[in-house]
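The values are calculated or read from the model by the stated rules, or taken from the named source; none is laboratory data. As the structure is a computational prediction, the values presented were derived from the model and not from experiment. Note that we place each Cβ from the backbone using ideal geometry, even for glycine, and neighbour counts take in every protein chain shown. Note: accessible area is taken over every heavy atom of the protein model, side chains too, but ligands, DNA and RNA are not part of it. Shrake-Rupley method; radii C 1.70, N 1.55, O 1.52, S 1.80 Å.
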Amino acid sequence: MYTHCFQYVVLKNKDLPHIAELKREITIWERTAKQLSAASPEERAVQEALNAKAMAVTMLLHQEECRSSMLKAESWQKKLSELEESHRITDMILLVKSIAVLISVVILFFLSNVIPNHELGLGWIALFGSVVMMILSGIKDLEEVMHKIEWSTLLFFTALFVLMEGLNQMGLISFIGMKMVDVIKLVPKDYQMLVALVVIVWGSAFVSAFIDNIPFVTTLIPVIVELAESPEVCLSLRPLVWALAFGGCLGGNATLIGASANVVCAGIAEQNGYKISFKYFMKIGFPMMITTVFTAMIYLLIAHAGAKWNAPDYSECT
């Protein structure tokens, strides 16, 4: 039974061996001194000797801990200098070429939304930038480059966005958005802004934790716009958009699949020998998500429900 209970427990002392031995010795001396009754002068003398021994070992322990911390600081600085030396920029010309290609790709990303009637999508722009970068860097071994690509992460994104488009076509995401809208419409108009901010920020946060936040927010934007323009409510669009942005962005930090960056980081970590499981990520990410979303909600309520930033004209509300 004990083997089953503790099979996943890492039994490892974080202290250095000699420091752990000193702590164990102090515990033994102090425990032995406490066990004496000190009823006679001889027992009191032995107890005082044991306490003095424990005090001497404690002082030695403090000295060893100070020495170990200094060694750790020196070791950290040494490792940092080694990393800086091993990862320093060796080809300034290639760096300039890389920056030029990166800036060009970013500019083309912006222009793709401005220039009308063009067939050049974001994917083709990114592919064009990668090909240009390979040509400028003089890479001849294409297999080595292909080996470094995170194929598992790309396949995961492919399957995830196919799933999200399927859920979108089924109307599940729109259904979730409309249910949030129905809850807001049931509230009296004096409290609709307060309830709308709470419902949107928390609803989008929890949904984005288990559904990729990019397609979810994209699908919910028309629903939010329709809610703000609805004659049944008296709401401004800008606070609702901020609530959706906060909820969708911060909610994606809760789980491993909540945001694209989480999946990319986990894939790179696993490639380097550090596996991040869904459970382990959620154990840390979910409490952080709750904390950050709660902070964002307080800000939204103070700014828009309390201070009436971007408040609608209630005289025009029927």
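Some observations on this one:
- Subset tally (residues that are part of a helix (DSSP H, G or I) and surrounded by fewer than 19 Cβ atoms within 10 Å (Cβ to Cβ)) for region 264-296: 21
- Filter result for the condition that a residue is open to solvent by 60 Å² or more (accessible area, probe 1.4 Å) and out of contact with any Pro (no Cβ under 7 Å at 6 or more places or on another chain), over 108, 142: 142
- Filtered residues of region 182-222 (kept if crowded, with 20+ Cβ neighbours inside 10 Å and over 29 Å from residue 282 (Cα atoms)): 184, 192, 193
- Where residue 231 falls short, out of the listed (1) open to solvent by 50 Å² or more (accessible area, probe 1.4 Å); (2) modelled with pLDDT of 80 or more: (2)
- Elements of type helices (runs of 4 or more DSSP H) in region 128-224, at least 2 residues being among the β-branched types (Val, Ile, Thr): 151-170, 172-185, 192-210
- Subset of region 77-95 (residues that are assigned to a helix (DSSP H, G or I), surrounded by 10 or more Cβ atoms within 10 Å (Cβ to Cβ) and modelled with pLDDT of 75 or more): 81, 94, 95
- Residue check for residue 74: modelled with pLDDT of 75 or more, out of contact with any helix residue (DSSP H, G or I) (no Cβ under 6 Å at 6 or more places or on another chain) and not small (Gly, Ala, Ser): no
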